[in-house]
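Read the structure below first, then the notes.
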Amino acid sequence: MHLEHTRAMRPNISHRECLGRQIHTYLVTPPSRPAQRRTRLVTRAQVESTDAAAVIGRHKPIYKNANFPTDAEGRTYHLGTKEGEVAPRILSVGSVGRAQLLSTLLDPPAPGRPLFQRMSSRGFLTITGRYEGEPVSIVSTHMGQPNMDFVVRENRAVVQGQMAIVRLGTCGAVQRPAKLGDLLIATHGSIAIRRDPDYWTLLESSYEPSHGNGGGENGNGKGSANGGHANGANGARAGRKPYATSLPVPADPQLAALLAAEAAAVVGPDRVVEGLNASADSFYSSQGRTGSDFDDRNEGLLGELVAAHPDLVSLEMETFQLLDLARCSKGSIKAIGMCVALAERYSNAFLEYRKLEELEISGGTAALRALVHVPLERTPPAATASWAAAEAGTAAEAEGVEVERKVQYVWD
Ligand code: R1P
């Protein structure tokens, strides 16, 4: 049995219009069993929860460059945007719903010119418009550091000149004075917390370093002259902890100061706390959440973090990656993270969820104001002159396709 697709719509209907309708698909059995042919309906939700291009049989893009894939139009592989669709000032938010909510803060678009919106096949939503007259984009980034990596690198590739990126997320407040509903700003930068699976591997009595390189603190894990493999495992285990923390990476001080001032203006200074952030590689074990289903060995993690970092205020999952990439961007990205404290990890309290929307609006207002007021250099550093567009041009030319290089900016 295979799945065949037909479109129950006008031939020239757009893909976006198509998402608003029910799309007929046909399950086709072998010709010997035509009686079992039947029709089913695919709802909009089903289309959006999968690769829509695959569902409706749309032509798949061709990617030529495995190093940095873009299609012939210059659209990036995961975010699906191209030069002209993303502003140099970006508000990165966790969820699609938050992106849509905060898009209501943007300047009203001109009649007949709705805000630019693009949802990629991977579910990254980009909304571009203006705030106080300045072009800005709001990008739903989803969860975790790998997704922040996509957002920073793929947006960097389609934007000319210097960029500013502010993350507005939710987080746990790690210690007082941070409390429920506060806006916590990573002015002191961010550390990363990573679970170290080698810790558990080295606990296994059957482990022998010859299966790998031993991964020990001393690097070779091959054991000593008197110990062979067993001592190698012991040596690798010595001093090892189940969770590793990085050194802090800094935030942009100018953007941090602007954001703190704007946040204080919106919610009042007593509800803004600046300090160090920690981005964990998971929501549960690496943030010190405990349970009996798994051997996580994290009961003391929060206490150790607070003891080692008295200025630690927030615990979440993305800011470290944003700041680390900004730090490595050769001066081309200014970045900062701010989060609404959704939970108090020290008291175990959780915010009433109905209050979140108002806090997102407050945080979003402060973030957008900081974004449009931070000065950016317009002259692009050589390394940031629209990498994706150049790659797309190369791919298209290789196919003999004429390349239109003039960029149309969606906010013009
Ligand atoms: C976990 O629930 C998610 O919420 C926090 C964490 O960093 C993680 O992404 O941020 P967002 O609300 O921005 O998604």
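What to note about this one:
- Failed condition for residue 178, given (1) buried (at least 17 other Cβ atoms within 10 Å of the Cβ); (2) not in a loop (DSSP other than H, G, I, E, B): (2)
- Unique residue being open to solvent by 20 Å² or more (accessible area, probe 1.4 Å) and touching a strand residue (DSSP E or B) at 6+ places or on another chain (Cβ under 7 Å) when the list is 130, 122, 113: 130
- Region 254-370 holds no strands (runs of 3 or more DSSP E) entirely within its bounds that carry 2 or more residues that are open to solvent by 40 Å² or more (accessible area, probe 1.4 Å) and within 20 Å of residue 152 (Cβ to Cβ).
- Near pairs, Cβ below 7 angstrom, 6+ apart or cross-chain, from region 256-280 (farther than 24 Å from residue 298 by Cβ) to any residue that is in a helix (DSSP H, G or I) and open to solvent by 40 Å² or more (accessible area, probe 1.4 Å): 258/373; 262/369
- Listed by first and then second residue, the pairs linking a residue in region 337-362 that is closer than 23 Å to residue 254 by Cα and within 11 Å of the ligand (Cβ to nearest atom) to a residue that is among the polar types (S, T, N, Q) and not in a strand (DSSP E or B), with Cβ atoms under 8 Å apart and 6 or more places separating them unless they lie on different chains, are 337/319; 339/319.
- Meets criteria (modelled with pLDDT under 95 and of a type in the set (A, V, I, L, M, F, W, C)) for residue 382: yes
- Of all residues in region 121-131, those being over 12 Å from residue 109 (Cα atoms) and in contact with an Asp or Glu (Cβ under 9 Å, 6 or more places away or on another chain) number 5.
- Meeting the requirement of 3 or more residues that are without any contact (Cβ under 8 Å) to a residue 60 or more places away in the chain, the strands (runs of 3 or more DSSP E) wholly within region 87-158 are 125-131, 134-140.
Table: residues versus (1) surrounded by fewer than 24 Cβ atoms within 10 Å (Cβ to Cβ); (2) modelled with pLDDT under 95; (3) basic (Lys, Arg).
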| residue | (1), (2), (3) |
| --- | --- |
| 134 | yes, no, no |
| 138 | no, no, no |
| 141 | no, no, no |
| 145 | yes, no, no |
| 149 | yes, no, no |
| 153 | yes, no, yes |
| 160 | yes, no, no |
| 166 | no, no, no |
| 170 | yes, no, no |
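- The requirement of being of a type outside the set (A, V, I, L, M), at pLDDT 95 or above and more than 24 Å from the chain's Cα centre (by Cα) is fulfilled somewhere in region 252-269, by at least one residue.
Here's the yes/no breakdown for (1) open to solvent by 40 Å² or more (accessible area, probe 1.4 Å); (2) more than 16 Å from the ligand (Cβ to nearest atom); (3) modelled with pLDDT under 95; (4) not small (Gly, Ala, Ser):
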residue: 45; (1), (2), (3), (4): yes, yes, yes, no
residue: 57; (1), (2), (3), (4): yes, yes, yes, no
residue: 60; (1), (2), (3), (4): yes, yes, yes, yes
residue: 63; (1), (2), (3), (4): yes, yes, yes, yes
residue: 69; (1), (2), (3), (4): no, yes, no, yes
residue: 75; (1), (2), (3), (4): no, yes, no, yes
residue: 89; (1), (2), (3), (4): no, yes, no, yes
residue: 106; (1), (2), (3), (4): no, yes, no, yes
residue: 109; (1), (2), (3), (4): yes, yes, yes, yes
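- Test: residue in region 238-247 that is under 25 Å from the mean Cα position of the chain (by Cα), buried (at least 18 other Cβ atoms within 10 Å of the Cβ) and within 16 Å of the ligand (Cβ to nearest atom): no
- Of all residues making up region 307-326, the number that are away from the ligand (no atom under 14 Å from the Cβ) and acidic (Asp, Glu): 2
The values are calculated or read from the model by the stated rules, or taken from the named source; none is laboratory data. Here the structure is a predicted model, which means the values were calculated and not measured. Note: ideal-geometry Cβ built from the backbone for every residue, glycine included; neighbour counts use all protein chains shown. These accessible areas exclude ligands, DNA and RNA; they are computed on the full protein's heavy atoms, side chains included. Shrake-Rupley method; radii C 1.70, N 1.55, O 1.52, S 1.80 Å.
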